[in-house]
1. Can you list the aspartates and glutamates whose alpha carbon sits under 15 Å from that of residue 185, skipping same-chain ones fewer than 8 residues off?
2. Under 13 Å from a label point 7 Å along Cα→Cβ of residue 197: give me every residue in the range 228-247 with its amide N that close.
3. Mean residue ellipticity at 222 nm from the helices of the chain, using -39,500 (n - 2.57) per DSSP H segment of n ≥ 4 over the full residue count, to the nearest 500 deg cm²/dmol?
4. Report the one residue of 318, 342, 94 whose Cα lies farthest in the direction of the positive end of the charge dipole of the chain (charges on C-beta: Lys and Arg +1, Asp and Glu -1; origin at the Cα centre).
5. Can you find, among 161, 120, 138, the residue sitting farthest towards the positive end of the charge dipole of the range 117-258, where Lys and Arg contribute +1 and Asp and Glu -1 at Cβ?
6. If you take the alpha carbon radius of gyration of the chain and divide it by 2.2 N^0.38 Å, what ratio comes out, to two decimals?
7. Label points 7 Å out from Cα along the Cβ direction at residue 2 and residue 44: separation in nm?
8. Ordered by residue, what ³J(HN,Hα) values in Hz, to whole numbers, does the range 49-66 give under the Karplus form 6.51 cos²θ - 1.76 cosθ + 1.60, where θ = phi - 60° and Gly and Pro are x?
Amino acid sequence: MRTYNIAVLPGDGIGQEVITESVQTLTTLTQVHGGFRLDTQQFDWGSERYLREGAMMPRDGLAILERGGFDGILLGPIGDPRVPDHITLWGLLLPIRQAFDQYVNLRPIRLLPGVQSPLVGRSPTEIDMVCVRENTEGEYAGVGGRVHQGTEQEVAIQSIVFTRKGTERLIRYAFEYARQHGRKKVTSATKSNSMQYNMVFWDEVFGQVASDYPDIAHEQHLIDSLTARFVSRPQSLDVIVCSNLFGDILSDLGAAIAGSLGLAPSANLNPQRSYPSLFQAIHGSAPDIAGKGIANPIASIWSGQLLLDHLGEHEAAAMLMLVIEEVLAAGQVRTPDLGGTATTRQLGEAIRSQLKGLS
């Protein structure tokens, strides 16, 4: 039997609640499918550890993940009101993304059956796109600094870093994804009218890569008007390729028009598989509802589905996606973000019950 080793980092806030449902659902799926198993190892890295020990993860945390022979990482949301956000992000998630060269952040944006979009009258066929976000450099490269702090001469500089290698491989991934998944168009998010160096460079590389894919339509669109297009004409978008910051913002907007951040998964991919890839819901740790048991677990469960697809367990991944859609379409079990009263556990149990019905 095929066995995959998975590192599980529940994170903060509602993380423990949604990750528990994700792991239990994946375990149920392995039992129903019967062709593979998942061995999980949990790590208590996050804000509570930072408050105890002054670090989000051990000094050798990256080495632990690399030496552990993990095939993938499931991460819960991170963030705590007691810890500045830049510490939580740079203390755990961004170091993993960069050290493990997870240069693709894949974020599906779909209006699932039975879910109502805030865009009146939109159907699932009209909101179905994928955001391919650069994940290791760009605006989040971490290059910059501050000098003369606390004085009138204080300066803060944050540099945007685009390399040809990083830009080209990300854009090429977007076109390959479109080709492999039967998608017809790749839209590049740019701002080259005002950012005359880095985004003009991005546009040039996009054009060069696009010429290698004559079967895929392509276009570039200024980021400000593209956000409006997400709302006014989402059906005109298919695959969107974008920089780190632009992709971060657009995919949250995409989650909103698709009905809820609780339905928004992501995959941080190292396509060459030199390192384990990481899978996480894109929503935050939601400290205002943490411990209440009402968080929507689907984004985390769907992220587990992306993990299975990455591992090559396509049949199992398709089974899980089908069940998620069936449970939502039935409309009987919904968490408060979807207008219902179900708990996190009840929605997870509904998905697992539907999975068992497939056996």
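1. Candidates past the 8-residue exclusion: 126, 128, 176, 212, 215, 219, 238.
2. None, by backbone N distance to the label point.
3. Details: 12 runs with 141 residues, N = 359.
About -12000 deg cm²/dmol.
4. The residue sitting farthest along the positive end of the dipole is 318.
5. 120
6. On the way: Rg = 20.2 Å, N = 359, 2.2 N^0.38 = 20.6 Å.
Ratio of Rg to 2.2 N^0.38 Å for the chain: 0.98.
7. Computed distance between label sites residue 2 and residue 44 equals 3.4 nm.
8. Residue by residue, the range 49-66 yields 5, 4, 5, 7, 10, x, 8, 5, 8, x, 4, 9, x, 5, 5, 4, 5, 6 Hz.
Each reported figure results from applying straightforward, stated rules to the coordinates on display, with no laboratory input. This one's a predicted model, so the numbers in the text were calculated from it and none came from an experiment. Neighbour counts are summed over all protein chains in view; Cβ atoms, including those assigned to glycine, are modelled from backbone coordinates with ideal geometry.
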